[in-house]
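The values are calculated or read from the model by the stated rules, or taken from the named source; none is laboratory data. For clarity, every value in this text was computed on a predicted model and none was experimentally measured. In this analysis, Cβ positions are derived from the backbone assuming ideal geometry, glycine residues included, and neighbour counts consider all displayed protein chains. Keep in mind that these areas ignore ligands, DNA and RNA; they rest on the heavy atoms of the full protein, side chains included. Shrake-Rupley method; radii C 1.70, N 1.55, O 1.52, S 1.80 Å.
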Amino acid sequence: MPVQLKGRSLLTLKDFTAQEILFLLDLSRDLKRKKRAGIPGDLLRGKNIVLIFEKTSTRTRCAFETACWDEGGNVTFLSNSQMGKKESLEDTARVLGRFYDGIEFRGFEQKTAEDLARFSGVPVWNGLTDLYHPTQALADLMTLRENTVKPLQECKLAFVGDARNNVANSLLIICAKLGLRFTAVCPDQLRPDPKLVSEMVETARLSGGRIDITSSLEGVRDADAVYTDVWVSMGEEAQFENRIRLLRDYAVTQEVMEKTGNPRAIFLHCLPAFHDLNTEVGKQVYEKYGLSEMEVSDEVFRSPQSKVFDQAENRLHTIKAVMVAAIGRL
């Protein structure tokens, strides 16, 4: 049966089947080839999308804007709306649904994205919430697919660090759906939500995948990709000192990469990454805690194993696929 994603929101990958996710990855690959070949696009011609941002962004905003323009669509970036201030979310969503063919939301609460989809009547795409980051996970699996000769179902992805954040949640879901082995390597205090783990263990059982949670760095053994993220997510800055205490032994160093026992293993990071002192935050952490690197060493970040910029580029292609599948002319 052919995949049909017209009119579908992407709020969480839990709502998508393995077949639908693979369709999006295949479409992302085809759209990337098309862009690399310099072929002009028109799959979103006549379509208008709006981007709503409560949180700062580099890759998400740029990827959505460029993806839409590449295929002939129009974009409004909305960062100063009346939503929730002088106008209810419901009323704002109903208005935007009259103006636009699709809405991207990047913000704090998952419920906001769900309510926008409920009231607007048009597809809503989750650009990041407190619970999920589905477009990032699509780009991550696209990057893994490009850098392994194995079928995805034979791959293992190890996430090292704060395994209860939105990126780890989405990786857990997509790996379970597609039948990969997923290992969260984290302190006990930062394990994924038990309810989500239980649900995805059952999903993995049906797909042929496997979910493991461990506090030992030996959990990266046999990994095809080692993934990490910042130690403190947006909105949790007050937790900085506690997170450093919990996670300073979970930095991805060359020694950790060697623990995989896999010379072909790649390193992934959703960015931004604190791997040197070339940021204001990095300098502040060094002055206060004496750390010149945090979640990943500069050696690993700049190594041939690091595919972080391929991964960042793939945000563009996967986001383009999500929009084209939902509102485009396929």
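Among the candidates Leu152, Leu96, Leu138, single out the residue that is in contact (Cβ under 8 Å) with a residue 60 or more places away in the chain, touching a helix residue (DSSP H, G or I) at 6+ places or on another chain (Cβ under 7 Å) and not basic (Lys, Arg). Lay out the reasoning, then the answer.
On the way: Leu152 fails: in contact (Cβ under 8 Å) with a residue 60 or more places away in the chain; Leu96 fails: in contact (Cβ under 8 Å) with a residue 60 or more places away in the chain.
That would be Leu138, the only listed residue that is in contact (Cβ under 8 Å) with a residue 60 or more places away in the chain, touching a helix residue (DSSP H, G or I) at 6+ places or on another chain (Cβ under 7 Å) and not basic (Lys, Arg).
Quickly run through the range 1-36 and pick out the residues that are open to solvent by less than 70 Å² (accessible area, probe 1.4 Å), over 18 Å from Asn126 (Cβ atoms) and in a loop (DSSP other than H, G, I, E, B).
Of everything in the range 1-36, just one residue is open to solvent by less than 70 Å² (accessible area, probe 1.4 Å), over 18 Å from Asn126 (Cβ atoms) and in a loop (DSSP other than H, G, I, E, B), namely Val3.
Evaluate the following for Val285: is it β-branched (Val, Ile, Thr), at pLDDT below 95, open to solvent by 20 Å² or more (accessible area, probe 1.4 Å) and under 26 Å from Leu217 (Cβ atoms)? Before the answer, list the steps.
Numbers: β-branched (Val, Ile, Thr): yes; at pLDDT below 95: yes; open to solvent by 20 Å² or more (accessible area, probe 1.4 Å): no; under 26 Å from Leu217 (Cβ atoms): yes.
In short, no.
Among the candidates Arg164, Arg181, Arg191, single out the residue that is in contact with a Pro (Cβ under 9 Å, 6 or more places away or on another chain) and either surrounded by fewer than 22 Cβ atoms within 10 Å (Cβ to Cβ) or free of Cβ contacts under 8 Å to residues at least 24 places away in the same chain (or both). If you could, list the steps in order and put the result at the bottom.
Details: Arg181 fails: in contact with a Pro (Cβ under 9 Å, 6 or more places away or on another chain); Arg191 fails: in contact with a Pro (Cβ under 9 Å, 6 or more places away or on another chain).
That would be Arg164, the only listed residue that is in contact with a Pro (Cβ under 9 Å, 6 or more places away or on another chain) and either surrounded by fewer than 22 Cβ atoms within 10 Å (Cβ to Cβ) or free of Cβ contacts under 8 Å to residues at least 24 places away in the same chain (or both).
Give the range 290-330 a look and list any residue that's more than 21 Å from Ala137 (Cβ to Cβ), free of Cβ contacts under 8 Å to residues at least 40 places away in the same chain and not polar (S, T, N, Q), or say none.
Gly290, Asp298, Arg302, Pro304
Quick one: count up the residues across the range 37-56 that are open to solvent by 40 Å² or more (accessible area, probe 1.4 Å) and in contact with a strand residue (DSSP E or B) (Cβ under 8 Å, 6 or more places away or on another chain). Explain how you work it out, then say what you get.
In the first step, residues of the range 37-56 are kept if they are open to solvent by 40 Å² or more (accessible area, probe 1.4 Å); the result is 37-40, 42, 45-48, 54, 56.
So of that shortlist, the ones also in contact with a strand residue (DSSP E or B) (Cβ under 8 Å, 6 or more places away or on another chain) come out as 47-48, 54.
So the count comes out to 3.
Checking the structure you have, find out if any residue of the range 228-247 is open to solvent by less than 20 Å² (accessible area, probe 1.4 Å), in contact with a strand residue (DSSP E or B) (Cβ under 8 Å, 6 or more places away or on another chain) and farther than 26 Å from Leu10 by Cβ.
Within the range 228-247, not a single residue is open to solvent by less than 20 Å² (accessible area, probe 1.4 Å), in contact with a strand residue (DSSP E or B) (Cβ under 8 Å, 6 or more places away or on another chain) and farther than 26 Å from Leu10 by Cβ.
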